[in-house]
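Have a look at the structure below before the remarks.
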Amino acid sequence: LATIGEMAAGLAHEIRNPLGAIKGAAQVLEPKPGDPSEPFLRIIVEEVNRLNEVVTQFLNYAKPFQGKPEFADLRGAVKLVAERFAEKLKASGVDFQVQVPDAMPQVKCQPALLGLVLSNLLENSFRALDDAAKKTQKTPTVSLRLAHTIREGKTEVCLSVEDNGPGMSPEVLDKIFI
């Protein structure tokens, strides 16, 4: 674990320095209102922040997990991730369907980690569909759904990502939670 910790610290340093330069450059460009580059610069800054979170998680890997859950509106976290993927999926010919309720109770969770998991699931769906689309004629579809029910006074939340790709092999299923 000590060796992993040292490697993680070195890797984090090597990754964070260029990320800082990328973020700084994107922030300095300050587009004027209506400039078509504005959404792309915003995405660059958001993605740099997300990668910094990934580096932080990697650094924390060797440490015991100390989550700090908070009450949060999952709709905002889901919508943010969906917006990030919508253009990419649409540009690739993927039918991207997002279902988020108009209102729901706040849930105790870690929104940043949930966003990371959701991003990974969508990225995996996109990759699987990209490979499958080359082999079949069906329209690739990804569905992102957030729903909740209240049973016996308790709120149950369901967040799902589904695609019409080929599915996972038994080898992948054996490692799904690694």
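The values are calculated or read from the model by the stated rules, or taken from the named source; none is laboratory data. The model shown is predicted, which means the values in this text are computed figures rather than measured ones. Neighbour counts are summed over all protein chains in view; Cβ atoms, including those assigned to glycine, are modelled from backbone coordinates with ideal geometry. For accessibility, only protein heavy atoms count, side chains too; no ligands or nucleic acids. Shrake-Rupley method; radii C 1.70, N 1.55, O 1.52, S 1.80 Å.
At a Förster radius of 22 Å, what calculated FRET efficiency corresponds to the Cβ-Cβ distance of Ala103 and Ala72, to the nearest 0.05?
On the way: r = 14 Å, r/R0 = 0.65.
Result of the calculation: an efficiency of 0.95.
Which value, in Å², gives the accessible area per residue of the chain when a 1.4 Å probe is used on the protein heavy atoms? Present the calculation step by step, with values, prior to reporting the outcome.
On the way: 12440 Å² over 178 residues.
Value returned for the chain: 70 Å² of accessible area per residue.
Carbon and sulfur: what percent of the chain's accessible surface (1.4 Å probe)?
58 percent
Pick out, from Gly20, Leu118, Val54, the residue whose Cα sits farthest towards the positive end of the charge dipole of the chain, with +1 on the Cβ of Lys and Arg and -1 on the Cβ of Asp and Glu.
About the Cα centre, the residue reaching furthest to the positive side is Leu118.
Where a ≥ b ≥ c are the square roots of the eigenvalues of the C-alpha gyration tensor, would you call region 22-178 rounded, which needs a/c under 1.5, or, failing that, prolate if a/b is larger than b/c, or oblate? Show your work: numbers first, answer last.
On the way: a/c = 1.33, a/b = 1.06, b/c = 1.25.
It comes out rounded by the Cα gyration axes.
Compute the longest continuous run of the chain that contains no exposed chymotrypsin sites (Phe, Trp or Tyr not before Pro); treat a site as exposed when its DSSP state is not H, G, I, E or B and it has at most 13 other Cβ atoms within 10 Å. It would help to have the intermediate numbers written out before the result.
Details: sites that count: Tyr61, Phe65, Phe177.
My reading of the result: 66-176 is the longest stretch.
Using 0.36 nm per residue, how much length does the chain from Gln110 to Val161 gain when fully extended, once their Cα-Cα distance is taken away? Walk me through the numbers on the way to the answer.
Values: separation 51, 0.36 × 51 = 18.36 nm, distance 1.84 nm.
16.5 nm is the gain from fully extending Gln110 to Val161.
As a test of the formula, what do you get for the chain when each DSSP H run with n ≥ 4 contributes -39,500 (n - 2.57) and the sum is divided by the residue count, at 222 nm and rounded to the nearest 500 deg cm²/dmol? Present the calculation step by step, with values, prior to reporting the outcome.
Details: 5 runs with 96 residues, N = 178.
Taken over the chain, the calculation gives -18500 deg cm²/dmol.
Exactly which GluC sites (Glu not before Pro) in region 69-160 are in a DSSP loop and have at most 15 other Cβ atoms within 10 Å?
On the way: sites: Glu70, Glu83, Glu87, Glu123, Glu152, Glu156; in loops: Glu152.
Counting only loop positions with at most 15 other Cβ atoms within 10 Å, the GluC sites (Glu not before Pro) in region 69-160 are Glu152.
Too long at a 30 Å Cα-Cα cut-off: which of Lys79/Lys138; Lys79/Lys175; Lys32/Lys68; Lys108/Lys138; Lys23/Lys68; Lys32/Lys88?
On the way: Lys79/Lys138 27 Å; Lys79/Lys175 28 Å; Lys32/Lys68 38 Å; Lys108/Lys138 39 Å; Lys23/Lys68 26 Å; Lys32/Lys88 24 Å.
Over 30 Å apart, Cα to Cα: Lys32/Lys68; Lys108/Lys138.
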